[in-house]
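The values are calculated or read from the model by the stated rules, or taken from the named source; none is laboratory data. Everything numeric in this text was worked out from a predicted model, so none of it was measured. Neighbour counts are summed over all protein chains in view; Cβ atoms, including those assigned to glycine, are modelled from backbone coordinates with ideal geometry. Ligands, DNA and RNA are stripped out before the accessible areas are found, and what is left, the full protein with its side chains, is counted by its heavy atoms. Shrake-Rupley method; radii C 1.70, N 1.55, O 1.52, S 1.80 Å.
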Amino acid sequence: MSSSSSWVTTYTCSAAGVGSSGISGSGAAGWVGFVLLSPCPQRLILSAVNVVFLAAVALFGVRRVWRTRFASGRPAAEISRPLISGKRFAVRTNALFKATLAAAAAVAVFSIVLSVLGFVRSGEFPWEAAEGLCWLFLGVAHAVVAGLVAHEKRFRAAEHPLVLRIFWSAEFVVLALFFVSGVARLTSGEESVSLLKLDDVSAIAVFLLSGVLLIPAIKGSTGIQLIENSDAAAAVVVDLNGTAQPRSKLDNVTGFSSASIVSKAFWMWMNPLLKKGYRSPLSIADVPSVSPEHNAERLSQQFLERWPKPEEKSRYPIVRTLIRCFWKQFAFTAGLAVLRLCVMYVGPTMIQRFVDYTSGKRTSPYEGYYLVGTLMAAKFVEIVSSHHFNFHTQKLGMLIRSTLITSLYKKGLRLSSSARQAHGVGQIVNYMAVDSQQVADMMLQLHNMWLMPLQSIVAFTILYQYLGTSTLSAMLGVVAVVAFVFATTNKSNFFQFNIMMSRDARMKATNEMLNYMRVIKFQAWEEHFNRRIQSIRETEFGWLSKFSYTLAANFVIMWSTPSIISTFTFGSAVILGSPLSVGTVFTTTSLLKMLQEPLRTFPQAIISFSQALISLERLDRYMTSRELADNWIERFQGCEGDTAVEVTQGSFGWEDDSGEATVKQLNFRIRKGQLAAVVGTVGSGKSSLLAAILGEMKKLSGKVKVCGSTAYVAQTAWIQNGTIRENILFGLPFYQDRYAKAVKVCSLEKDLEMMESGDQTEIGERGINLSGGQKQRIQLARAVYQDCDIYLLDDVFSAVDAHTGSDIFKECVRGALGGKTVILVTHQVDFLHNVDQILVMREGIIVQSGKYNELLNSGLDFKALVTAHESSMELVETGARNDESDAAAPTTSRQRSFKNPGEENGENGLQEGSEPNKGGKSSKLIKDEERATGNVGLNLYKIYSTESFGWWGVLGFLFLSLAWQGSLMSADYWLSYETSAKAARSYNASRFIGVYGLIALVALLILVARCILVAVMSLKTAQSFFRQILHCILHAPMAFFDTTPSGRILTRASSDQANVDFIIPLYMGLVVAMFITLLSVIIMTCQYAWPTFILLIPLAWINVWARGYYLRTSRELSRLDSITKAPVIHHFSESISGVMTIRSFRKQHTFCDENVRRVNANIRMDFHSNGANEWLGVRLELLGSLILCISAMFMIILPSSIIQPGFRV
C-alpha cells in the first residue's frame, strides 16, 4: 500500500497493519479509526449485530415454544390467545406501521439480491464472498424483522419489543459509518476502491431505509389502532396507547396524526388547512384539534402518573416528571440537532474544492458532479433536519406548557385554604400564564447550551486545517465576543427585571383605574390618573431606554463579528506567513458567519435556562403545597338513619402548619330535614363552622360525618362570566319545571322580566352588571336547582332588603327546601322563630344550642343578640319617622337616574335605561373580541414607521441600511480581488489588511448609527402609542367598560404594548436588513454569474406566491391564538376565586374538563401556526438550495472566461 492509503480505502482485515504499512494513525487512535472506517471491520461489526439479533429472536422463540408446550395448568389455546380480546375489534394500521413494514421488507429483498451478486462475483474477486455473507446476514435479519412487524398486527401490539428497537438503533449507527466511508470513497476518485463502488451505493441506500426504521425505534409505537365493532352508527376508535373515543370526535383531528413519513417530512399534512385559509378567513371551528396523544387531559394524566413518589424525596419533582414524560422527545430533538451539525459545515468546507476544480486542479473528470451531488444532499439534509428541529422543539414546548397548565389547574382545585392564601390568586394565575410559558420557551434554547461549544470546536478544527496557528486569533476574538455578550446580557437581564417591576406597578395602577372607572368618570379624575400612570410609565421608559441601547450594542457586535474577527485572523495569517487563497478567505468568512448565530443564542440560552430554573422552583413550591385531605370528612351517600350532619369533639384550623384551632370543641347533630341556624357576633366563627363541615379546614381532632350531597351559598357571591341560565344550571341539563321553580322561589322572576334578554342575559366580569342582591339570589337559585341533600347558606339575606329576604325565607328556605337539611348562618333574628335548632357561637365555640324560646329564656348570649337586634330596629324606626317628610320626588328621581327601570326593592339592576324584553331575542353584554381579517394594510406600516420622525426618519433608516450593506459588499469585492490570480503579482499584505480593516471600520460606524437610530425611533414611537392608548382608555364612554372585559383592556396595555416596545422594532429591523441583503445577493449574482439570473425570475414568482398563500392562513392562526389564550387565563382565575363553591358541589371534574377544552383550543392554534411556518420555510429553503446547486452546476460546466474562479464561491 502507498503512503497515501487510508483506513477508508484499505481492504485489510488485520489490526496489525494499523500504524504501519502506510496506514495513517498510530496507537489507540489509529486502532479506533481502523475499526470504525475500514471496510472489513465495518462489515464484521454489522454482521455481528445481525447475528446477535437473530440469536436473541431464536432464544425468545424457543422460550415461547417451551411455555406453550410445558406450562402447567395453562392450556396452549390460552397462551396463544391474542393480547386483547373479549370484544370484536377491527385492526387499523396507520402510515407508521406501513412504512416500518415496507422499509424492513425493502432492506431484506435488497440485501439478499446483493448477497447473490456477491457470491456470483466471488470467483473473480475473493473480497465479494465476504461482502455477500455480510449482505446475507443483513437480509435474513430484516426478513425476520418484517415477519415480527407483521406478527405484531395479529397480536395487536401497542409497542415494539425492546430488543427490536435496540437492534434498529445499533444498526443505524453502524450503517452511518458505512454511509460516511462510502461518500468519502465515491468522492475520492481513486481507482483502488472501484471494487467497492456498487457496495457503497447500496450501503447509502440501505442507510436511508434504516433511517426510516429509526423512527419507530425512538417512538416505540407500532402504529396499530383498534376499531370496536358495534351496532351504533359511529364506530369507536381505540388507540392502544390511549383511551377509546367515538370516531365522530376524531373527524376534525389534525392531519399530523395520520400523516405518512413523507407527509410529515415536508409538512404536506398542512395543505388542507392552508388551502382552506387561502380561500377564506379561518374561524376557530376550521382549525383541526391536536392528535389524541397531544391532548391536554392525556398529558396531564401522564404527568400525574409519573410524579415522584414520596419515598423518592425528589428535590426537583417537576423536572424529573417532565424528563420521564418527554425523554423521547428530548432525545429526538437532540438527534436532529446533531444531524444538522454534521451536515451544516459541508458547504464551507467544499468552497476550496470548488475553487480548485474550476481552476483546473481535478482528481477526476466526474469530481464536479460528485461535489454538486454532495452539496445538494448535504443542503437537503440540513434544511429538513433544521426545520424539523425547530418544529419539534416548539411542539415539545407546547406539550410541556399544556401539561403544566392542566396540572396546575387541577392542583389549584385541591389546594388547602392556607396554601391558597399563601400563594394568592394573582400569583397562582402567574404560575400558569408566565412560569409555564418560561419553561416552555426554554425548550427552544435548551440544546443551544451544548451545541454552541460543539459548533465552535468543529468550526475551529476546520479553520485550523486552512490557517494553522492563525486560528488562535479567531478563537480569542470569539472568546472576547462571548465575554462581551455575557456582560451585556447580564445588564440586559437587570434592565429587563426593572422593566418588569415598573410594568407590574403600571399594570396594578391601570387595573385599579379600570375597577373604579365609574367613580373616576363621576368625579372627573381622568387627568389625575393620566398623570399618575404616566409618571410610572416614565420610570419604565427609563429602564426600557437602557435596555434598548444595550440591545443595540449587542446587535452591533454580533453583526460586525465576522468582519472584525476576519480582519484580525487575516492579519495574523499575513504576519505568520500563512498563504491566503480565494478558497481559504471565503471558507474563513463563511465559517465565522456561521458562528454568528450560536454566539448570539448561547448567552440567551444561559439566561433563558436560569429564568426557567427560577420558574421551576416556583412551580415546585406550588405543586408540593398542602392539599385538602379527603379523610378529614366522612362522606356517605344514601346512608341509613336520620342523621344528616354530625360533629363530635371537632377542632379545626385554617393554618396547615399551626396547631391553633379556629373553631373547637364542636359537638352537634343535625337531623335530616331539619332547619338549623347558626348565630353569633361578627368573628365568632359562623362561616368557619360551615367550612369545617365542607372539609375546607384542617381537622385537628374529632370526627365529622356528612350524609348526602352538599350545596353551598357563600356570603360573598361567586358568579361566572356567562348567562344567568348557565349560572343557575351549573353544568346540569335544563328542566323547565325545575328551573322555573328555582327562579320563582329566589324572587328572580321580576328581574328576568325587566332584563332585555331574560335569563339569556350575559353576566359581566365578576357580575359587574348585577347588584349585590341579584348576585346573591342567582347563586341561591343555583343551589336550589342542584337538588342536593344538605344546604349550607352563609348569610344569604345580607345583600337583600327585609321584604325580599322574608319572601326568600318563606318560599325558598321553608318552601322549596322544606324537606332538605338546611344550615343557615344569619343575623336576621326575626327568622329564628321558625327554625328547628339554633347554634349560638362565641370565639369559635358553640356556647348554646336549642330552640328559640329555650335559648331566649336562658338569658345568656342568645338573649344578648336578640336584645341588640331589637334596639337597632327601634333606632331605625325612629329615624324613619323623622325623615318621613324628606321622602320627596327629587331625591327619588336622583336615585332612579342611576337605576334600572327593572330595579326591585332598592337593588341595582342590570342595564341602565333598558327596555323590557318584548321580543325574547338573545343579547350578549360582553361582545366578542373583534379581529381583523385579510392583509395587514400598508397604512398600518406607514403609521408605525412615521410616528417618530415622519418620512425623514424612514429615509434615514433606509439610507444607513443601504450604506451598511454596501460596505459589506465592498469587503467581499476586496477579498475576491486581492486573492485572485490577476492581483497575485502586485499583492501587498499591508495594503490588503489595511483596506479590509478600513472597510470593516466604516461598516462598524454605519452599523452603530443605524442601530442607534432604530432604538431612538422605536422608543419614541412606543411612548407616543402608549400616550394615545391611555388617552383612549380614560376618555372612552362607560358603555365601553360595561361591554369590554378588563382583561381584554389590560392585554392591550401589557402584552400588546410590550410588543410595540420590543418585538415590532426588532423584527422590522431584521426584515429590512434581510431584504437589502437579498438585493445585494441578486446584484452580485447578475454581475458575476449571469446565467443563473434566468432562474431568479421563476424563483421570485414562486416566493411571492408561496408567501401570499402562507400568510393568509398564518395571520388568521396568529389572531386566533391570541383570542383563544385569554379564555384560558380568565377561566383559571375565575375557578381559583370560586374554588370553595366548586368543591362543595363536587364539580371539580366538570371544571377540569372545561379547562382542558380551552387549553386544547389554544394549543391547536399554536401547533398549526408552527406547522405553517415550517411548511413555508422548508419549501423556500429547498427551492433556494436547488437554485444554489444549479448555480454550482453552471460553475462546473461553464468555462472560467464566463465565471471567474474568485466569484464561484
In nanometres, what is the gap between the two model label sites at THR1150 and THR716, each 7 Å from Cα along Cα-to-Cβ? 2.3
Pairs of Cα atoms under 8 Å, at least six residues apart: use those to get the relative contact order of region 635-873, whole percent. 27
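Tell me whether region 760-818 comes out rounded, prolate or oblate; compute the Cα gyration tensor, take square roots of the eigenvalues as a ≥ b ≥ c, and use a/c under 1.5 as the rounded threshold. Can you show the working numbers first?
Values: a/c = 2.15, a/b = 1.38, b/c = 1.55.
Verdict is oblate for region 760-818.
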Protection proxy ranking, peptides 277-283, 802-808, average beta carbon neighbours within 10 Å, highest first: 802-808, 277-283
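Return the Rg/Rh ratio of region 395-518 with Cα-based radii and a Kirkwood Rh. The partial results should precede the final answer.
Working: Rg = 22.8 Å, Rh = 19.1 Å.
Over the Cα atoms of region 395-518, Rg/Rh equals 1.19.
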Let me know the whole percent of all Cα-Cα pairs from region 595-654 that are separated by more than 12 Å. 81
Taking a crude spin-label model, label points 7 Å out from Cα along the C-beta direction, the THR93 to ASP836 distance in nm is 6.8
In square nanometres, what is one fourth of the surface area of the convex hull spanned by the alpha carbons of region 645-703? 4.1
If I stretch the segment between ILE1082 and VAL201 completely, what's the gain in nm (0.36 nm per residue apart, minus their alpha carbon distance), one decimal? 313.5 nm
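For the ranges 1146-1152, 690-696, what's the packing order if you count other beta-carbon atoms within 10 Å of each residue, average per peptide, and put the highest first?
Values: 1146-1152: 16.3, 690-696: 23.4.
Listed from highest to lowest mean packing, they are 690-696, 1146-1152.
Given a Förster distance of 22 angstrom, what is the FRET efficiency for THR648 paired with ARG671, based on the Cβ-Cβ distance and rounded to 0.05?
Working: r = 15 Å, r/R0 = 0.69.
The computed FRET efficiency comes out at 0.90.
What is the projected area of the convex hull of the Cα atoms of region 635-873, averaged over all directions, in nm²?
On the way: hull surface 55.2 nm².
Hull-based average projected area comes out at 13.8 nm².
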In range of the label at SER701: residues from region 661-683 whose backbone nitrogen is under 15 Å from the point 7 Å along Cα→Cβ: 661-667
State the Cα centre-to-centre distance between region 603-646 and region 462-527 in whole Å. 34
So, with a 1.4 angstrom probe, what is the percent of accessible area on region 635-873 that is carbon and sulfur? 47
Hey, if you put +1 on the Cβ of every Lys and Arg and -1 on every Asp and Glu Cβ in region 635-873, which of SER747, HIS833, LEU780 ends up farthest toward the positive end of that dipole? HIS833
Principal axes first, then extents: for the Cα atoms of region 709-818, list largest minus smallest coordinate on each axis, whole Å, largest first. 32, 31, 23
Residue-normalised accessible area of region 635-873, expressed per residue, 1.4 Å probe, Å²: 40
Please turn the phi angles of region 694-703 into ³J(HN,Hα) values with the Karplus equation 6.51 cos²θ - 1.76 cosθ + 1.60 (θ = phi - 60°), one per residue in order, whole Hz, x for glycine and proline. 7, x, 7, 10, 6, 7, 8, 6, x, 9
With a/c under 1.5 counting as rounded, go ahead and sort region 614-741 into rounded, prolate or oblate using the C-alpha gyration tensor (a ≥ b ≥ c being the square roots of the eigenvalues; past the cut-off, prolate if a/b is larger than b/c, else oblate). oblate
Using mean Cβ contacts within 10 Å as the protection proxy, how do 952-965, 627-640, 299-312 order, highest first? 952-965, 299-312, 627-640
Can you give me the C-alpha center-to-center distance between region 1137-1154 and region 792-831, rounded to a whole angstrom? 24
Using a/c under 1.5 as the rounded threshold, could you call region 520-632 rounded, prolate or oblate? The axes a ≥ b ≥ c are square roots of the C-alpha gyration tensor eigenvalues, and prolate needs a/b larger than b/c, oblate otherwise. oblate
Separation in nanometres of the label points that stand 7 Å from Cα toward Cβ, at LEU1182 and ASN498: 5.0
